[in-house]
Amino acid sequence: MKRRSVLLLAALSGAATAGVAGACDSGSESPPGGAVDFSNALRIPPLLEPEVGADGVKQFALSMQSGGRSGFLPGKSTATWGINGAYLGPTLRASRGDRVRMRVTNRLGEASTLHWHGMRLPAKMDGGPHQMIEPGATWTPEWTVDQPAMTGWYHPHLHERTAMHVYRGLAGMIIIDDDREPDLPTGYGVDDVPLIIQDKNLERDGRLDEDSVEGGTWGVLGDSILVNGTYGARFNVTTQAVRLRILNASNARMYRVGFADNRVFHVVGTDGGLLERPAEVDRVKLSPGERAQIVVRFTPGEEIVLNSLGETAREAGDPEEDDFELLKFVAAPQLASSAALPSVLGGTPATAPPAGARVRTFRLSGSEINDREMDMTRIDEVVPAGAHEIWEIDNASYAHNFHIHEVEFRILQINGQTPPAYQRGPKDTVFIAKGAKARLAVKFNRYVDPVSPYMYHCHILRHEDKGMMGQFVVVEPGTEDRVPRTLRGHHG
Ligand code: C2O
Ligand code: CU
Ligand code: CU
């Protein structure tokens, strides 16, 4: 256990009731690579070219594989897992209206799943814990993309083992386009850049330290930052404005992302799509699973570090006890001109559900939701297709977040207050500080299936694995009372 994490856990064990059993290990006190010098070019995950069949379906071939070797630290090699490569996976890109098919082959040597976080699709295609892919098997979910332009991601979602599979390297980005996008930068890897942010514990010999992944209050809190699987990354800026699609793909850590000079930038999109208009900020807070699309302007020749400040951590009880430098931007002496930021982005405003809408309450404690741990055979909530409901999340313990599969929701209130403008867009994951309450307006889709559940859960992967998850089904309106609450033929 690294020293900073020990301090955090010691502080938490006083405040929180959950047992703290952080595993101990070798104990280096600074990142094993020494001071980060930002000398490594930021890896840009390749765009995966789909095969388009005679039926017009865009087919993406994905191979989940173990046995990779990654060079994170200078001169050191790290054993990792990846998708179509040694670490992380390619970016999947599709447009609204496309029919897509994923051909996911499991070459890990153990069972896993692949979940499409943020995608609107039938529950059977969702890749949650019920869609296990056995070693050597291929799973081919298929759906029609029917949602606005957004940034999503994919990652394993197996019962009780998600944290380890993601930590070893299984995750990738999804970009959905539609033809009504405003004039934002769109050159993939040039001025429209994915940033997959993860923290790891790397040993001096390069080994990925897994000791804390399945233990303690938070699971792993790493002291080395990878962006797109690059340690100490630098990105060469060639345009005046750059869109960054930031994804927090960490197991537990929160980030308050901004620039070392605290410059102002604009948030243009939240998890599920674009905002109505750009929101000016100097920091964006992202908990695990959340995304933000931001547009930032650079001046020729400058060098500036993207960082995360953890100053609010101690009061909030968040697992973000420190400051981190994430990557360095190095601007060319001359920058290609970029269009001015549009004043209107095309996102829709948040609407509250009609009066009398169904209100459901979810109380979060250490590792339970409404005093229950996840049970694969139990349906916790039955939702009529097309519903627009209020979900109230009431956090009775330390920091958590809350993710709902398939839906789009809006944060109506946090602790009775309207959230900041940059969080008012379409969401699927929301941070819920220690003791906080969130009021969400949740829109459900119309893919009915009374025996295939979707998940809602805390996206701190240790919490999710410990059982902080529930299941809901979407059914034909009027049949809510008739659907089974217990699933048969499913292992618990
Ligand atoms: Cu990012 Cu239930 O998942
Ligand atoms: Cu999800
Ligand atoms: Cu949690």
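The values are calculated or read from the model by the stated rules, or taken from the named source; none is laboratory data. Just so it is clear, the model here is predicted, and its values are computed rather than measured. Note: ideal-geometry Cβ built from the backbone for every residue, glycine included; neighbour counts use all protein chains shown. For accessibility, only protein heavy atoms count, side chains too; no ligands or nucleic acids. Shrake-Rupley method; radii C 1.70, N 1.55, O 1.52, S 1.80 Å.
Rounded to the nearest 20 debye, the dipole magnitude of the range 200-267 is 540 debye, with +1 charges on Lys and Arg beta carbons, -1 on Asp and Glu beta carbons, and the Cα centre as origin.
The string of couplings for the range 115-131 from the Karplus curve (6.51, -1.76, 1.60, θ = phi - 60°) is 10, 9, 6, x, 7, 9, 7, x, 4, 5, 9, 6, x, x, x, 8, 9 Hz, one whole number per residue in order, with x for Gly and Pro. The slack in the chain from Ser343 to Arg69, taken as 0.36 nm per residue of separation less the alpha-carbon distance, amounts to 94.1 nm. For the range 146-158, backbone phi angles converted through the Karplus equation (6.51, -1.76, 1.60; θ = phi - 60°) give residue-by-residue couplings of 9, 7, x, 3, 6, 10, x, 7, 10, 6, x, 8, 7 Hz, Gly and Pro being listed as x.
Give the accessible surface of the range 201-308 per residue, rounded to a whole number of Å², with probe radius 1.4 Å and ligands, DNA and RNA excluded.
Ligands and nucleic acids excluded, the figure is 25 Å² per residue.
Calculate the dipole size of the chain relative to its Cα centre from +1 charges on Lys and Arg beta carbons and -1 charges on Asp and Glu beta carbons; express the result in debye to the nearest 20. Taking the Cα centre of the chain as origin, the dipole is about 220 debye.
How do the peptides 67-78, 290-301 rank, highest first, by the average count of neighbouring beta carbon atoms within 10 Å per residue?
Details: 67-78: 16.6, 290-301: 20.0.
For the peptides 67-78, 290-301, the packing ranking is 290-301, 67-78.
The accessible area of Met125, taken with all protein chains in place and a 1.4 Å probe, comes to roughly 50 Å².
Solvent-accessible area of Ile44, all protein chains in place: 50 Å² (probe radius 1.4 Å, heavy atoms, ligands and nucleic acids excluded). Toward the positive end of the charge dipole of the chain, with +1 on the Cβ of Lys and Arg and -1 on the Cβ of Asp and Glu, the farthest Cα among Val359, Val474, Ser112 is that of Val474. Largest accessible area first, the listed residues Arg120, Arg488, Arg243 line up as Arg488, Arg120, Arg243 when surface is computed with a 1.4 Å probe on the assembled protein chains. When peptides 263-272, 231-240, 347-356 are ranked by their average number of other Cβ atoms within 10 Å per residue, the highest-first order is 263-272, 231-240, 347-356.
Here the range 70-219 is described by how far its Cα atoms reach on the three principal axes: 48, 37, 30 Å, from widest to narrowest. Volume of the convex hull of the range 139-235 (Cα atoms only), normalised per residue: 156 Å³.
Is there a quick way to get the dipole size of the range 357-492? I mean about its Cα centre, with the Cβ of Lys and Arg at +1 and of Asp and Glu at -1; what is the value in debye to the nearest 20?
340 debye
Dipole orientation for the range 192-266: of the candidates Pro194, Ser250, Ser212, Pro194 has the Cα lying most toward the positive pole (charges on Cβ; Lys, Arg +1; Asp, Glu -1).
Among beta bridges from DSSP that stay inside the chain, the antiparallel ones total about 70%. Note on the range 233-312 and the range 39-87: Cα centroid distance 24 Å, given to the nearest whole angstrom.
The amide H of Gln147, built 1.01 Å from its N in the peptide plane, has Gly97 as neighbours under 5 Å, considering only residues 5 or more places off or on other chains. Max-minus-min Cα coordinates of the range 396-492 on each principal axis give 42, 30, 18 Å, with the largest extent listed first. Tell me what the chain gives for mean residue ellipticity at 222 nm when only DSSP H runs of n ≥ 4 count, each as -39,500 (n - 2.57), the sum divided by the residue total, rounded to 500 deg cm²/dmol. Rounded to the nearest 500, the figure is -1500 deg cm²/dmol. A 1.4 Å probe, protein heavy atoms only, puts the accessible area of Arg103 near 100 Å². Students often get this wrong, so check it: of Lys58/Lys427; Lys76/Lys285; Lys200/Lys285; Lys285/Lys466; Lys124/Lys443; Lys124/Lys285, which have C-alpha atoms separated by over 21 Å? Lys58/Lys427; Lys76/Lys285; Lys285/Lys466; Lys124/Lys285, as the Cα separations exceed 21 Å there.
Among Arg363, Arg410, the sequence by solvent-accessible area, most first, with a 1.4 Å probe is Arg363, Arg410. Rg and Dmax of the chain, based on Cα coordinates, read 21.3, 67 Å.
Rolling a 1.4 Å probe over the protein heavy atoms of the chain, with every protein chain left in place, gives an accessible area that is 48 percent carbon and sulfur.
From most to least packed by mean Cβ count within 10 Å, the peptides 383-393, 436-446 give 436-446, 383-393. In the range 247-386, the ratio of gyration radius to Kirkwood radius, Rg to Rh, stands at 1.06 when only Cα atoms are counted. Partners of Lys328 within straight-line reach, counting aspartates and glutamates whose Cα lies under 19 Å from its Cα and excluding those fewer than 8 residues away in the same chain: Asp37, Asp191, Asp192, Asp199, Asp223, Asp261, Asp282, Glu302, Glu303.
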